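Please read the structure below before turning to the comments.
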Amino acid sequence: MSRPLTILFLPESAYGPTNQCIGLGDLLLKRGHRVVFASETSWAGRLSPLGFDERLIDLAEADPAATGEDAGRFWTDFIAETAPEFRKSTTEQLTTFVKPTYQALIDGAMYAEPTLRTIIDELRPDVLVEDNVVIFPALTTSGAPFVRIVSCNPLEVPGDGVAPRFSGLPDDDPASWAPFRTEFERTHKDMWEAFNAWVVAQGAPPLPYLEFMPRDNAANLYVYPEEGDYVGARPLDRSWHRIDSSVRRTDDEYVVPDSIAHRPDGSALVYVSLGSLGGADVELMQRLVDALADSPHRFIVSMGPRADELTLADNMVGAQTLPQTTVIPRADLVITHGGNNTTTESLHFGKPMVVLPLFWDQYDNAQRMHELGFGIRLPTYEFTPEQLNAAVDTLLADTALRGRMAEMGARIRARDGLTRGADIIERVGLEHRRSTGAG
């Protein structure tokens, strides 16, 4: 191989996008490339042990809650404070959650722009990779190729033939889509116009209407298995590459604790996670745990950032964080918030899901899994213990479904999305280097 590439990753400062980039970065690192993460300061010292170079971006002034104490702390605090909004409809959340979230991300991008330009000037990367929902213009004006990762549900990329993003609306009811699109435009147009004007002022091309990321990039990767995708309903050009799943290989092995390792007749092992952000809603987490306390099944619970405030039942074990990609293969079923990482990892390992969406793309994932028969969507704040346990029992008893999903998981794993994604990033960097004569 020619001189190693320098690859700069900029994930959004939350566990999902960062873990997504860690998986790809680890593979590129093993190929001999230099992999650098430009991360918010709360990630300091957490990425270098994995072999990555760290360049820190201080978002404290833009995001006062970004104290630097814990990785992803800003979003944990933000979710905890905003949790009451998740009880509202997806249409209402456009005003009370989606727009403020976009604005927080935009504020961070604006504040970080000078620092990021300095980092890029210093590193002179061969390819830049962002997993986020708002663009940092410094990434698209550097002269090096830019690769976008969509690690939200594919509805992040809109189209007339698919339901609007964040809506959770059914695929077979297109009449319901127009009012949601109208409300999204009403609530987001002014913010988008201001952000787009700022992006252009930084020397970057204008953004597609009402979108906060560019489409015309060196490559666009989106993480979603073909079996769950909207194939044919939303055509994409040749710059888009589905990588099915992108399961990192950096998680520690998980050994099921002795207290729940024994499998009595009819007892299954269930993994429970509302994600690092959903877990911040401790009231919801405790209600979920209590609803499963009398189940004959056994549960491994990812307890989230407020783990010390939760009380698990006797049929459960858990920890604040768990090595999810080695836990899910040991489970028979996953109870999830519908975050894209957990959804695609569950499909990767062929596990059915009970989905309790909270915000953002989780509604779209929940609806998609439900309408495809890969899981059951329940109302997150209204489910009864009886409904939750019935959903668990229904999915576990459906041996035909579990067999189909196991076969699907084997196909997804064989396609090896992680390697495909790393190949594309590497190819983009090498082609750029050849085109510029840099060797």
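The values are calculated or read from the model by the stated rules, or taken from the named source; none is laboratory data. Being a predicted model, the structure only gives us computed values, none of them experimental. Counting neighbours? That spans all protein chains shown, and the Cβs are built from the backbone with ideal geometry, glycine included.
Data overview
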quantity: Residues located in the stretch 106-147, provided they are part of a helix (DSSP H, G or I), in contact with a helix residue (DSSP H, G or I) (Cβ under 7 Å, 6 or more places away or on another chain), under 24 Å from S239 (Cβ atoms) and aliphatic (A, V, I, L, M); calculated: L116, I120, A138
quantity: Strands (runs of 3 or more DSSP E) wholly inside the stretch 220-326 containing at least 2 residues that are under 25 Å from the mean Cα position of the chain (by Cα) and in the same structural domain as E81 (by TED's automatic domain parsing); calculated: 240-242
quantity: Single condition G439 does not satisfy, out of (1) modelled with pLDDT under 95; (2) surrounded by 21 or more Cβ atoms within 10 Å (Cβ to Cβ); (3) not in a helix (DSSP H, G or I); calculated: (2)
quantity: Candidate set from the stretch 318-335 (those that are modelled with pLDDT of 95 or more and touching a Pro at 6+ places or on another chain (Cβ under 9 Å)); member that is surrounded by the fewest Cβ atoms within 10 Å (Cβ to Cβ); calculated: D332
quantity: Selection count, the stretch 235-249, where residues are at pLDDT below 80 and surrounded by fewer than 16 Cβ atoms within 10 Å (Cβ to Cβ); calculated: 1
quantity: Flag if G304 is crowded, with 24+ Cβ neighbours inside 10 Å, without any contact (Cβ under 8 Å) to a residue 40 or more places away in the chain and in contact with a Ser or Thr (Cβ under 7 Å, 6 or more places away or on another chain); calculated: yes
quantity: The lone exception for V428 - which of (1) farther than 20 Å from T336 by Cα; (2) touching a His at 6+ places or on another chain (Cβ under 8 Å); (3) of a type outside the set (S, T, Y) it fails; calculated: (2)
quantity: Residues satisfying the stated conditions in the stretch 182-209, i.e. over 30 Å from A138 (Cα atoms) and touching a residue at least 12 places away in the same chain (Cβ under 8 Å); calculated: E183
quantity: Residue list for the stretch 1-44, filter: under 23 Å from R434 (Cα atoms) and either charged (D, E, K, R) or without any contact (Cβ under 8 Å) to a residue 60 or more places away in the chain (or both); calculated: M1, R3, P4, G25, L29, K30, R31, G32, R34, V35
quantity: Output for the stretch 170-197, where each listed residue is surrounded by 15 or more Cβ atoms within 10 Å (Cβ to Cβ) and either assigned to a loop (DSSP other than H, G, I, E, B) or among the hydrophobic types (A, V, I, L, M, F, W, C) (or both); calculated: D171, W177, F180, F184, M191, W192, F195
quantity: Condition check for F74: in the same structural domain as E156 (by TED's automatic domain parsing), modelled with pLDDT under 90 and under 17 Å from the mean Cα position of the chain (by Cα); calculated: yes
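Per-residue answers, yes or no, for (1) more than 23 Å from Q286 (Cα to Cα); (2) of a type outside the set (S, T, N, Q); (3) outside any loop (DSSP other than H, G, I, E, B); (4) in contact with a strand residue (DSSP E or B) (Cβ under 8 Å, 6 or more places away or on another chain):
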position	(1), (2), (3), (4)
Y363	no, yes, yes, no
L401	yes, yes, yes, no
R404	yes, yes, yes, no
G409	yes, yes, yes, no
R413	yes, yes, yes, no
L418	yes, yes, yes, no
A422	yes, yes, yes, no
G429	yes, yes, yes, yes
